[in-house]
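*Asks:* Got a structure for you, questions after.
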Amino acid sequence: MPFVSINPANEKFVVQYPAHTPEQVDEAIKNASIAFSRWRGASFGDRARLMVGAAALLESEVPVVGELMTSEMGKTFASAKGEAMKCAMTMRYFAEHAEAMLQEQSVATVGSRSGVRFDPTGVIFAVMPWNFPLWQVIRMAAPTIMAGNVVIFKHASNVPGCAKYIEELFLRSGFPPGVMTNVFVEHERVSSIIGDPRVVGVTLTGSERAGRSVAELAGTNLKKCVLELGGSDPFVIASSVDMDATVPLAVTARIQNNGQSCIGSKRFIVVRDRSEEFLEKFTGAMSAVRLGDPMDPATGLGPLVSKAQRDLLADQVTSSVAQGAVALTGGHALEGTGFFYPATVLTNVPADSPAGCEELFGPVAVVYVADDLDDAIRVANDTPWGLGGSIWAQDEREINEAIARLDVGLVFANAIVTSMPELPFGGIKLSGFGRELSAIGAREFTNAKSFFVA
Ligand code: NAP
């Protein structure tokens, strides 16, 4: 089966690549193993020089790769360019900091010399999603490669142009062949790659379903595994919120990346004494979001990635409304060309309706009213996921309460949850395990090797 991308804004063909044959995949793993045997011995300085070169090349091509991202998965051109710049910044960050993050640590024992080293482990296989087609791959690869490992990645099948671009970016900037390799493979072939003895670890960013499948294969083969899965992040609005400053950010938190972000705020939980004001202002701002051509700078919200995703979201909303939810704005897919769905606000959502218990991967906000902050945190934690969460308050006590008690991997106060190279990124519960970014992420696929000299 070929790997094909279709522009979700106009349903036109973008690009197509044939699937790799089993022989080509075997060759890719062989080349990656050979590359690792040399790359592991490269100095941090040499690795950093190549990583900075790749960042500079990417920076020089931001509009080109931005347009490619927009055409393959529909994100706004402005956000696509921002994503490319963030990738370059992160590559530079790990080029600069990886050596310190992975420095040998001395630990005092009865020996004359002892401590921990962070040695590279080998070929890491990454299964990646389409929603941030450059960032998800670079977020994993920049620290992993700086640590001395090499990467083989299987990107989502609907963004083959981005997959090819990433592989070529590394090759064109002088990385040895085999350090960063794209494979076009279907799901059935993932198991043989994870099972290959030359592959030492696997990481997946994507859905819970895919995560379970990959984790099972990693378990069967006893391979180290990191999972970055879905979420239904709470956006908690406390009594002391600065409402006028918060509402525009609430809209951005929900519609960013056309509503298709794992750390997009999906549940808005507002305390009763501020709920009327929030609902009125938030609904007004969501209705004003401009839906349209993602290449147009005036567009706030582009299409969903595919017809299947748009229809799934439409079904989730329609079923929830049939069960008693109320759509204050939006609530119906747009007719015509492209996979458009408007910014939508739902209230009175029954717990057992799709909007009450499933991830909504599109621009649909669910608003809950809580008695007080204590109740809001209870609602926020009443979910199988635990990726990110945010608290919106002026009172330091309310902020600290939420930071301590939200059951999530990332909590932000008066700021939209985001990933940044300095901080670990990852979730708990059904949102996955392991961390990317920061020193913790850079060490995930290293061997924390203890040493002791008598
Ligand atoms: P997906 O369907 O799970 O796809 C992600 C990747 O996994 C793709 O490369 C896909 O390949 C592959 N895949 C799917 N099923 C597989 C299987 N059974 N065996 C092997 N590989 C498999 O997810 P998505 O729809 O692209 O992304 C949306 C989900 O990802 C949402 O739940 C979102 O919250 C989550 N996400 C999480 C994070 C995070 O950092 N925590 C970031 C972004 C997205 P094909 O494309 O070939 O199907």
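The values are calculated or read from the model by the stated rules, or taken from the named source; none is laboratory data. Please read all numbers here as calculations on a predicted model, not as lab measurements. Here the Cβ is made from the backbone with ideal geometry for all residues, glycine too, and neighbour counts use every protein chain on show.
*Asks:* Look through region 431-454, keep the residues that are under 14 Å from the mean Cα position of the chain (by Cα) and assigned to a strand (DSSP E or B), and return whichever of them is surrounded by the most Cβ atoms within 10 Å (Cβ to Cβ).
*Replies:* Residue satisfying both the conditions and the ranking: GLY432.
*Asks:* Is there a residue being away from the ligand (no atom under 11 Å from the Cβ), under 20 Å from the mean Cα position of the chain (by Cα) and of a type outside the set (Asp, Glu) anywhere in region 122-135? Please lay out each step first, then the result.
*Replies:* Filtering region 122-135 for residues away from the ligand (no atom under 11 Å from the Cβ) gives 122-124, 134.
Those left that are additionally under 20 Å from the mean Cα position of the chain (by Cα): 124, 134.
Going one step further and asking which of them are of a type outside the set (Asp, Glu), we end up with 124, 134.
Looking for residues that are away from the ligand (no atom under 11 Å from the Cβ), under 20 Å from the mean Cα position of the chain (by Cα) and of a type outside the set (Asp, Glu), one finds at least one in region 122-135, hence yes.
*Asks:* Scan VAL183, VAL247, VAL159 and give me the residue that is away from the ligand (no atom under 14 Å from the Cβ) and either more than 22 Å from the chain's Cα centre (by Cα) or touching a residue at least 12 places away in the same chain (Cβ under 8 Å) (or both).
*Replies:* Details: VAL183 fails: away from the ligand (no atom under 14 Å from the Cβ); VAL159 fails: away from the ligand (no atom under 14 Å from the Cβ).
On inspection, the qualifying residue turns out to be VAL247.
*Asks:* Among the residues of region 140-154, is there at least one that is closer than 18 Å to ALA55 by Cβ, near the ligand (Cβ under 10 Å from one of its atoms) and buried (at least 22 other Cβ atoms within 10 Å of the Cβ)?
*Replies:* Yes: one or more hits.
*Asks:* Continuing with this model, one more query. Among ASP273, ASP242, which is the only one that is more than 16 Å from the ligand (Cβ to nearest atom), surrounded by fewer than 16 Cβ atoms within 10 Å (Cβ to Cβ) and in contact (Cβ under 8 Å) with a residue 60 or more places away in the chain? Please lay out each step first, then the result.
*Replies:* On the way: ASP273 fails: in contact (Cβ under 8 Å) with a residue 60 or more places away in the chain.
Among ASP273, ASP242, only ASP242 is more than 16 Å from the ligand (Cβ to nearest atom), surrounded by fewer than 16 Cβ atoms within 10 Å (Cβ to Cβ) and in contact (Cβ under 8 Å) with a residue 60 or more places away in the chain.
*Asks:* I want to confirm something. Restricting to region 202-239 and keeping residues that are assigned to a loop (DSSP other than H, G, I, E, B) and within 10 Å of the ligand (Cβ to nearest atom), which single residue is surrounded by the fewest Cβ atoms within 10 Å (Cβ to Cβ)?
*Replies:* Within region 202-239, the subset assigned to a loop (DSSP other than H, G, I, E, B) is 206-207, 221-223, 229-232, 238-239.
Next cut, within 10 Å of the ligand (Cβ to nearest atom) only: 206-207, 229-232.
On the way: GLY206: 22, SER207: 15, LEU229: 26, GLY230: 25, GLY231: 29, SER232: 26.
Checking each candidate, the answer is SER207.
*Asks:* Separate question: ASP311 - would you say it is of a type in the set (Asp, Glu) and more than 30 Å from ILE403 (Cβ to Cβ)?
*Replies:* On the way: of a type in the set (Asp, Glu): yes; more than 30 Å from ILE403 (Cβ to Cβ): yes.
Criteria met by ASP311.
*Asks:* Here is a further query. Out of region 1-20, which residues are closer than 18 Å to HIS155 by Cβ and part of a loop (DSSP other than H, G, I, E, B)?
*Replies:* MET1, PRO2, ASN7, PRO8, PRO18, ALA19, HIS20
*Asks:* For the list (1) closer than 24 Å to VAL417 by Cβ; (2) surrounded by fewer than 23 Cβ atoms within 10 Å (Cβ to Cβ), I need the number of the one condition that ALA250 fails.
*Replies:* Against the list (1) closer than 24 Å to VAL417 by Cβ; (2) surrounded by fewer than 23 Cβ atoms within 10 Å (Cβ to Cβ), ALA250 comes up short only on (2).
*Asks:* Right, something else. Take the residues in region 375-391 that are polar (S, T, N, Q) and not in a strand (DSSP E or B), then tell me which one is surrounded by the most Cβ atoms within 10 Å (Cβ to Cβ).
*Replies:* In this case the residue turns out to be THR383.
*Asks:* Taking only region 14-29 into account, find how many residues are more than 27 Å from the chain's Cα centre (by Cα) and surrounded by 13 or more Cβ atoms within 10 Å (Cβ to Cβ). Give the derivation first.
*Replies:* Looking only at region 14-29, we keep the residues that are more than 27 Å from the chain's Cα centre (by Cα), and these are 21-24, 26-27.
Remaining after also requiring surrounded by 13 or more Cβ atoms within 10 Å (Cβ to Cβ): 24, 26-27.
Count: 3.
*Asks:* Residues ALA351, ALA308, ALA314: which one is among the small types (Gly, Ala, Ser) and touching a residue at least 24 places away in the same chain (Cβ under 8 Å)? Let's see the steps before the verdict.
*Replies:* Working: ALA351 fails: touching a residue at least 24 places away in the same chain (Cβ under 8 Å); ALA308 fails: touching a residue at least 24 places away in the same chain (Cβ under 8 Å).
The unique qualifying residue is ALA314.
*Asks:* Within region 301-326, can you find the residues that are closer than 17 Å to ASN10 by Cα and more than 16 Å from the ligand (Cβ to nearest atom)? I'd like the intermediate steps shown before the answer.
*Replies:* First pass over region 301-326, keeping only residues closer than 17 Å to ASN10 by Cα: 301-311.
LEU301, GLY302 - these are the residues of region 301-326 that are closer than 17 Å to ASN10 by Cα and more than 16 Å from the ligand (Cβ to nearest atom).
Quick grid of which residues meet (1) within 23 Å of ALA9 (Cα to Cα); (2) in the same structural domain as PRO350 (by TED's automatic domain parsing); (3) polar (S, T, N, Q); (4) assigned to a loop (DSSP other than H, G, I, E, B):
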{"residue": "ILE255", "(1), (2), (3), (4)": "yes, yes, no, no"}
{"residue": "CYS262", "(1), (2), (3), (4)": "yes, yes, no, yes"}
{"residue": "VAL270", "(1), (2), (3), (4)": "no, yes, no, no"}
{"residue": "SER275", "(1), (2), (3), (4)": "no, yes, yes, no"}
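*Asks:* Now a separate question. For region 421-430, give me each residue that is in a loop (DSSP other than H, G, I, E, B) and either in contact with a Phe, Trp or Tyr (Cβ under 9 Å, 6 or more places away or on another chain) or within 13 Å of the ligand (Cβ to nearest atom) (or both).
*Replies:* Pass one, region 421-430, residues in a loop (DSSP other than H, G, I, E, B): 421-424, 426-427, 430.
Once the filter is applied, which keeps residues that are in a loop (DSSP other than H, G, I, E, B) and either in contact with a Phe, Trp or Tyr (Cβ under 9 Å, 6 or more places away or on another chain) or within 13 Å of the ligand (Cβ to nearest atom) (or both), region 421-430 yields PRO421, GLU422, PRO424, GLY426, GLY427, LEU430.
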